[in-house]
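Reading through the structure tokens given below for one structure.
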Protein chains: 2
Amino acid sequence: MELWFSETHSDDVRFQIRIDKHLYSGASAFQRIDILESRELGRILTLDGVLMITEKDEFVYHEMIVHVPMAVNPDIKKVLVIGAGDGGTVKRLVQYDSIQKIKVVEIDSLVVEKCREYFPSLTAGFDDPRVELVFADGLKYVRNTTCEFDLIIVDSTDPFGPGEGLFTREFYGSCHKALSPHGIMVNQHESPFYTCYRDSVKRTHNLLKAFFPVAEIYQAHIPTYPSGHWLFGFSSKYHHGTDVQAERWEKLGIPCRYYDTALHKGAFALPVYAKELLE
Amino acid sequence: MELWFSETHSDDVRFQIRIDKHLYSGASAFQRIDILESRELGRILTLDGVLMITEKDEFVYHEMIVHVPMAVNPDIKKVLVIGAGDGGTVKRLVQYDSIQKIKVVEIDSLVVEKCREYFPSLTAGFDDPRVELVFADGLKYVRNTTCEFDLIIVDSTDPFGPGEGLFTREFYGSCHKALSPHGIMVNQHESPFYTCYRDSVKRTHNLLKAFFPVAEIYQAHIPTYPSGHWLFGFSSKYHHGTDVQAERWEKLGIPCRYYDTALHKGAFALPVYAKELLE
């Protein structure tokens, strides 16, 4: 049988993956959830038909969203994660013994339930005693929190649908307020290449610059995301993204398949055209 | 009308581009040549159905294959280019006043003829008086040359079809012989991500290591190539790839859209999984 999952990366570009089995399809109050099995990329999670993770390259995204801020400030103790229902971000956070508290605010409990079922090794971190899982709208949660976090990771979907509120001025302002004086916020920041993403990349960066004295961008090669060239925002009240504490981080001995401290610095060296877009 | 160009990036992954017009289709003694027009990516050249360049992202590939060696050794005078019938590599080489001679050995004169017709701004460099265009098999040409080159750029197709000979022990040995004592060879080195490329990446790197005291690898984000994560080999009798002469290169004032000397160093910081593949 020929069964192909197809995703539009722009109006005129499509990415297709041959599927062995459609393992799960369901709908929550927020979105349609599908889990697919493929030979080349392993299991795949899509939300409203948009590819979120594949087993083959999720490590790139998750290592880069966690280890970059942790290597800049290995003293981070309290972490807030917005989104991240697939478990990949939490899996990397629980590798740090020094982290005391990981609060995960995911809007959709069905995503977590199904990822626990179909991605058991990715979601194992949810059982760590330091993790508190709250099912709530990240935008509203951060508005009302009185906690102080050293790191906020915005592991959101794209800026439409349930994730839309996580790309707004109000949300970033609330995050700024919820961060400790040396706090860092990292967010997935879309791609600089296809025309349809460029406005959102620019707008998000300008919002972040308005709140944070440090608002930098870094990149990674994520083959199954549109263009394969993905950006992350590194916003901070104090630290610069390239101030990596290489020696301290390496002593932790955290096994990685994408990230290391040499790559860390290179990740902040964006192509000229991406820098021009962000200026 | 719905007209889609489709390329298989692996047995189970396809990349598709909506086409406005099929501008040209022809066959030489070596391969089928097609030129397509698309809204998102501009004009596209394919050889035997495989995407070679798009107007939208050719600058990434060509800037990275030329400026990286030139910024390591701005004293390069004599350059040999193998392949490169689309003109993009030569376009960047002729930006260097210091280069005295650029010999281009392309197997297929029809590629050059059609690229001159459909990509006039990309091929303008062929008219530079320092450029000598030879239509010959690169493998045979390098075997018999008595010239000494400071830089050899292997701007080949994939390791099957007409480009196959440019991924062999014999070819790399001949290149080594044809290089000056401080000579550098740069080659397009495929992608580390999809299974179908991994053996070729490994084999090519091992061949290069056998000939050159310096055999390094660097990377770029090329959205329309398989996985978007593309590698280049940097092999040399003397220079290391990260020894970039930033100040000298920046003084040249060469306008770029991807490359700069900060990105240069980062390009050599490969992900852990790619380093492991190459070890």
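Some notes on this structure:
- Residue within segment B:213-220 that is among the small types (Gly, Ala, Ser), open to solvent by less than 30 Å² (accessible area, probe 1.4 Å) and more than 20 Å from B:PRO69 (Cα to Cα) present: no
- Here A:GLU190 meets the list (1) of a type in the set (D, E, K, R); (2) within 14 Å of another protein chain (Cβ to nearest Cβ); (3) farther than 28 Å from A:ILE99 by Cβ almost entirely, failing just condition (3).
- Members of segment B:56-66 that are more than 9 Å from chain A (Cβ to nearest Cβ) and either closer than 20 Å to B:SER10 by Cα or of a type in the set (Val, Ile, Thr) (or both): B:ILE65, B:VAL66
- Residue count for segment B:70-88, restricted to those that are more than 12 Å from the chain's Cα centre (by Cα) and in a helix (DSSP H, G or I): 3
- Any hit, segment A:231-241, residues being in the same structural domain as A:VAL68 (by TED's automatic domain parsing), basic (Lys, Arg) and farther than 24 Å from B:TRP230 by Cβ: yes
- A single entry from A:ILE76, A:ILE19 fulfils the requirement of being more than 18 Å from A:TYR258 (Cα to Cα), among the aliphatic types (A, V, I, L, M) and not assigned by TED's automatic domain parsing to the domain that holds A:GLU148: A:ILE19.
- Given (1) more than 15 Å from A:ILE65 (Cα to Cα); (2) buried (at least 24 other Cβ atoms within 10 Å of the Cβ); (3) at pLDDT below 95, index of the condition A:THR224 fails: (3)
- Filter pass, B:THR123 being farther than 24 Å from B:SER174 by Cβ, among the polar types (S, T, N, Q) and under 17 Å from the mean Cα position of the chain (by Cα): yes
- Residues within segment A:51-84 that are at pLDDT 95 or above and either over 20 Å from A:GLN100 (Cα atoms) or not aliphatic (A, V, I, L, M) (or both), tallied: 21
- Failed condition for B:ARG92, given (1) open to solvent by 10 Å² or more (accessible area, probe 1.4 Å); (2) assigned to a strand (DSSP E or B): (2)
- Candidates are the residues of segment A:142-166 that are part of a helix (DSSP H, G or I), in contact (Cβ under 8 Å) with a residue 40 or more places away in the chain and of a type outside the set (Val, Ile, Thr); the one that is surrounded by the fewest Cβ atoms within 10 Å (Cβ to Cβ) is A:GLY161.
- Every test in (1) without any contact (Cβ under 8 Å) to a residue 40 or more places away in the chain; (2) more than 14 Å from every other protein chain (Cβ to nearest Cβ) is passed by B:THR242 save one, and that test is (2).
- If only residues of segment A:195-206 that are under 17 Å from A:THR157 (Cβ atoms) and of a type outside the set (D, E, K, R) are counted, the one that is most open to solvent (accessible area, probe 1.4 Å) is A:CYS196.
- Test result for A:PHE171, open to solvent by less than 10 Å² (accessible area, probe 1.4 Å), within 14 Å of chain B (Cβ to nearest Cβ), of a type in the set (A, V, I, L, M, F, W, C) and under 26 Å from A:LEU47 (Cα atoms): no
- Residue satisfying condition, being closer than 23 Å to B:CYS196 by Cβ, open to solvent by less than 60 Å² (accessible area, probe 1.4 Å), away from chain A (no Cβ under 13 Å) and of a type in the set (A, V, I, L, M), within set B:ILE53, B:ILE17, B:ILE76: B:ILE53
- Residues that are among the basic types (Lys, Arg), more than 8 Å from chain B (Cβ to nearest Cβ) and closer than 19 Å to A:PRO74 by Cα within segment A:245-279 comprise A:ARG248, A:LYS251, listed in sequence order.
- Checking each residue in segment B:23-42 for being in contact with a strand residue (DSSP E or B) (Cβ under 6 Å, 6 or more places away or on another chain) and either facing chain A (nearest Cβ under 7 Å) or open to solvent by 20 Å² or more (accessible area, probe 1.4 Å) (or both) picks out B:LEU23, B:TYR24, B:SER25, B:GLU37, B:SER38, B:GLU40.
- Qualifying residue in segment A:28-43 (condition: in contact with a helix residue (DSSP H, G or I) (Cβ under 6 Å, 6 or more places away or on another chain), of a type in the set (Phe, Trp, Tyr) and not assigned by TED's automatic domain parsing to the domain that holds A:CYS115): yes
- Pairs, first free of Cβ contacts under 8 Å to residues at least 60 places away in the same chain in segment B:56-76, second assigned to a helix (DSSP H, G or I), C-beta under 8 Å, six or more apart: B:HIS62/B:GLY88; B:HIS62/B:THR89; B:HIS62/B:LYS91; B:HIS62/B:ARG92
- Odd one out for B:GLY125, checked against (1) in a loop (DSSP other than H, G, I, E, B); (2) surrounded by 15 or more Cβ atoms within 10 Å (Cβ to Cβ): (1)
The values are calculated or read from the model by the stated rules, or taken from the named source; none is laboratory data. Since this is a predicted model, take the numbers as computed values, not measurements. Every residue, glycine as well, gets a Cβ built from its backbone with ideal geometry; the counts of neighbours run over all protein chains shown. To get the accessible areas, we keep the full protein, side chains included, count just its heavy atoms, and leave off ligands, DNA and RNA. Shrake-Rupley method; radii C 1.70, N 1.55, O 1.52, S 1.80 Å.
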